[in-house]
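Chemist: What follows is a single structure, and I will ask about it in a moment.
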Amino acid sequence: MLAAASDDEVLAIVQDEIEERWDEAWLVQLDKAWDAIHRCLSDGTINLNGGSHSRRLAVLGGRQLHGGDDYIVSLVTPEEAREVAVDIAAIDEAWLRGRYDAIEVDDYGRPKSAEDFDYTWDYFQSLPPFFKRAADVRRYVIFTVDQ
């Protein structure tokens, strides 16, 4: 993927080689919760560079492999996966709730609610063990989302 010469090549690899042949043991899906999770772990925005380095890497903040506006493909190295694993391991529901409550509703683009937070928390809980496993075996992590 790093050798891809264009956004089209990156998308072809993502769609044909990764998404078509999911390795279910290494798949974590965040559904639409990725948005709130990234905001909670970063500076409250979708900014790829906002907030603490290791926390923003958990969703959007890795090395950007696609330059277009229609798709995000972020790559996290095994070393970065270890940083993320250590940094997010102690995040509890109360901490995430405080960060969720601080998200600007006008920027978020949908209503904040108890149900939306529960949805966010439910999906977030899969990230700490996932990053720990990836770090333990020195795997790269790829996050993809079409916008």
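Only the coordinates and a few stated rules stand behind these numbers; no lab work does. Every value quoted in this text rests on a predicted model; they were computed, and no experiment measured them. As a convention, Cβ positions derive from the backbone with ideal geometry for all residues, glycine included, and neighbour counts pool all protein chains shown.
Chemist: Mean separation of Cα pairs under 8 Å and 6+ residues apart, divided by the residue count of the chain: what relative contact order is that in percent?
Modeler: So the answer I get is 30 percent.
Chemist: Would you work out the Kirkwood radius for region 41-90? I mean one over the mean of 1/r across all pairs of different Cα atoms, in Å. Don't jump to the answer; show the numbers that get you there.
Modeler: Numbers: mean 1/r = 0.0899 Å⁻¹.
Value: 11.1 Å, from the Cα pair sum.
Chemist: The chain: longest stretch without exposed chymotrypsin sites (Phe, Trp or Tyr not before Pro) (DSSP loop, at most 16 other Cβ within 10 Å), sites themselves excluded? List each step's numbers first, then the result.
Modeler: On the way: sites that count: TRP22, TYR140.
Counting at most 16 other Cβ atoms within 10 Å as exposed, the longest clean stretch of the chain is 23-139.
Chemist: Still on this model: Name the residue, out of GLY98, GLY50, GLY61, whose mean-square fluctuation peaks in a Gaussian network model built on the chain with Cα pairs under 10 Å.
Modeler: The residue that fluctuates most here is GLY98.
Chemist: Where is the GNM fluctuation largest for the chain (alpha-carbon springs, 10 angstrom cutoff): ARG110, ARG82, ARG133?
Modeler: ARG110
Chemist: Which one of ILE91, GLN29, THR77 is farthest out on the positive end of the charge dipole of the chain, using unit charges on Cβ (Lys, Arg +1; Asp, Glu -1) and the Cα centre as origin?
Modeler: After comparing all options, I get ILE91.
Chemist: Tell me, what is the FRET efficiency for VAL28 and SER6 to the nearest 0.05, using R0 = 25 angstrom and their Cβ-Cβ distance as r? Kindly include the intermediate steps, with their values, before the conclusion.
Modeler: Numbers: r = 27 Å, r/R0 = 1.10.
Between VAL28 and SER6 the formula returns 0.35.
Chemist: Let me ask something additional. How much length is gained if the chain between ASP16 and LYS112 is pulled fully straight, taking 0.36 nm per residue apart and subtracting their Cα-Cα distance, in nm to one decimal?
Modeler: Details: separation 96, 0.36 × 96 = 34.56 nm, distance 3.53 nm.
Computed gain between ASP16 and LYS112 is 31.0 nm.
Chemist: Now a separate question. Give a residue-ordered list of calculated ³J(HN,Hα) values for region 29-36 (Karplus: 6.51 cos²θ - 1.76 cosθ + 1.60, θ = phi - 60°; whole Hz; x for Gly, Pro).
Modeler: 9, 10, 6, 7, 5, 3, 4, 5
Chemist: Going from the alpha-carbon gyration tensor of the chain, what semi-axes, largest first and in whole Å, does one get by taking the root of 5 times each eigenvalue? Mind dumping the intermediate values first?
Modeler: Values: eigenvalues 121, 65, 39 Å².
Ellipsoid semi-axes (Å, largest first): 25, 18, 14.
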